[in-house]
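The values are calculated or read from the model by the stated rules, or taken from the named source; none is laboratory data. The shown structure was predicted, so the numbers you read here are calculated from the model rather than taken from an experiment. Glycine gets a Cβ as well: all are built from the backbone with ideal geometry, and neighbour counts include every protein chain shown. The area values use the complete protein model at the heavy-atom level, side chains included, leaving out ligands, DNA and RNA. Shrake-Rupley method; radii C 1.70, N 1.55, O 1.52, S 1.80 Å.
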Amino acid sequence: MIYSVRHTTTFRYEPAVRESLMEVRLQPRSDGDQRCLTFTLDVDPAANIMQYRDFMGNTVHHFDIAGRHSQVKVTAQSAVEVLTMSAPPPGESGDWADLDAMVAASDHWEMLFPSHFAQSCAPVEQLAKELGCERRGTPLQLLTELNQAIYQLFAYVPNSTKVDSPIEEALQTRQGVCQDFAHIMITLVRRLNMPCRYVSGYMVHREKTGEREKEKDRSVEGASHAWIEALVPNFGWMAFDPTNNLVGGDRHIRVAIGRDYADVPPTRGVYKGEAQSELSVAVTVSPADSIAPEPITPSFVVRSRPVLVRAAARSDQEQQQQQ
């Protein structure tokens, strides 16, 4: 399948700010079963855009907008080819000894240790006990169970947490968004000395029609998405989406990978000034051979009050939560 992706982020400031410096991770990766065929990035006001690759091989674009401005609009458009891969036979996956041998022979240490948003705490330990999260069966069997358990135990409630919310909030209320569910599963999996990483990207939404009901994916259309990848013996990195109880496939478009969200926010930046800011995000994902969808209403809008700082100080840009 070839998909067209359009991701528009708009920052508005009142009053105008004096300078904005921003970096974005919006270009889909080209590796594994996925290729980014085309990618364009437009910034308004116009800016000189530069790029580099970070330590995980993600493409990062960055730019500086000098002078006063009351709005920054960033539009990323891409065409991505995703191969349809058949699910590997569960019986061919390795056991825990095979996993330990893979870990000992490879360099995945950064995906084993706690990270900024994926740290164990009392609620995590309680959930691990509740789910029987210990080395049993095979790694693949346990991952499949955890993926389904998080889907069943946690309610998907858009905007119920914030971009910087610790996982304790979602654990205590048993509700959250894809970003929270990914961090919870990563924390549970790393406890077992299994490398696990965060994936930022997009999901292609489809309706599933059954005999009795029509079910939609839980995650929100019009926003970026997040899931996890765990290292499975004999299969390598496998994707699991606890928000929708799915194993990664041709419906998931990978943009960036990292230890957790802190490594791969779609946008990150700072600006000079004391302003009330508003962030809005709109995403469309559609088959490349279909009629381009009409522009959609932003999936979420975040407003923040002015931060009183000295004239020379810089305020953080709002980051996009992954719904």
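Compared with the alpha-carbon gap, the fully stretched path from GLN77 to GLN175 is longer by 32.1 nm at 0.36 nm per residue. Adding -39500 (n - 2.57) for every DSSP H run of four residues or longer, then dividing by how many residues the chain holds, sets the calculated 222 nm ellipticity at -5000 deg cm²/dmol. Under 19 Å of direct C-alpha separation, and excluding same-chain neighbours fewer than eight residues apart, LYS73 reaches these aspartates and glutamates: GLU14, GLU19, GLU23, ASP42, ASP44, ASP64, GLU278, GLU294, ASP316, GLU318.
Label reach from SER106 (point 7 Å along Cα→C-beta): in the range 249-266, amide nitrogens under 16 Å belong to 257-259. Once you wrap a convex hull around the alpha carbon atoms of the range 1-80, what is its projected area averaged over all directions, in nm²? About 5.6 nm², averaged over all directions. So for the chain, taking the charge dipole from beta-carbon charges (+1 Lys/Arg, -1 Asp/Glu), which of LEU153, SER277, LEU171 sits furthest toward the positive end? Of the listed residues, the answer is SER277. For the chain, the longest principal axis of the C-alpha atoms and the axis of helix 122-131 are separated by about 40°.
The residues of the chain expose on average 47 square angstrom of accessible surface per residue, using a 1.4 Å probe on protein heavy atoms.
Tell me, rounded to the nearest percent, the portion of alpha carbon pairs in the chain spaced more than 34 Å apart. Could you put the intermediate results ahead of the total?
Working: 12617 of 52003 pairs.
The proportion of pairs with Cα distances above 34 Å equals 24 percent.
Simple point charges give the picture: +1 on the Cβ of Lys and Arg, -1 on the Cβ of Asp and Glu, and for the range 106-220 a dipole about the Cα centre of about 200 debye. Across q = 0.22 Å⁻¹, the range 6-142 modelled as identical point scatterers on its alpha-carbon atoms has Debye log10 I(q)/I(0) values of -1.30, in the order of the q list. With kT/(6 pi eta Rh) evaluated at 25 °C and eta = 0.890 mPa s, and Rh the Kirkwood radius from Cα pairs, the range 66-173 diffuses with a coefficient of 133 µm²/s according to Stokes-Einstein. Of all the accessible heavy-atom surface of the chain, with the other protein chains kept in place and a 1.4 Å probe, what percent is carbon and sulfur? In the chain, the share of accessible area belonging to carbon and sulfur is 49 percent. When the charge dipole of the chain is built from unit charges on Cβ atoms (+1 for Lys and Arg, -1 for Asp and Glu) and taken about the Cα centre, the candidate among THR9, VAL103, SER93 whose Cα reaches farthest toward its positive end is THR9.
From most to least packed by mean Cβ count within 10 Å, the peptides 84-97, 164-177 give 164-177, 84-97.
Where the only charges are on Cβ atoms (+1 Lys, Arg; -1 Asp, Glu), what is the dipole of the range 81-126 about its Cα centre, to the nearest 20 debye? Let's see the in-between values first.
On the way: 0 positive and 8 negative charges, 31 e Å.
For this selection, approximately 140 debye.
Between SER70 and MET85, the contour length at 0.36 nm per residue exceeds the alpha carbon distance by 0.8 nm. Dipole magnitude for the chain: about 740 debye, using +1 per Lys or Arg Cβ and -1 per Asp or Glu Cβ, origin at the Cα centre.
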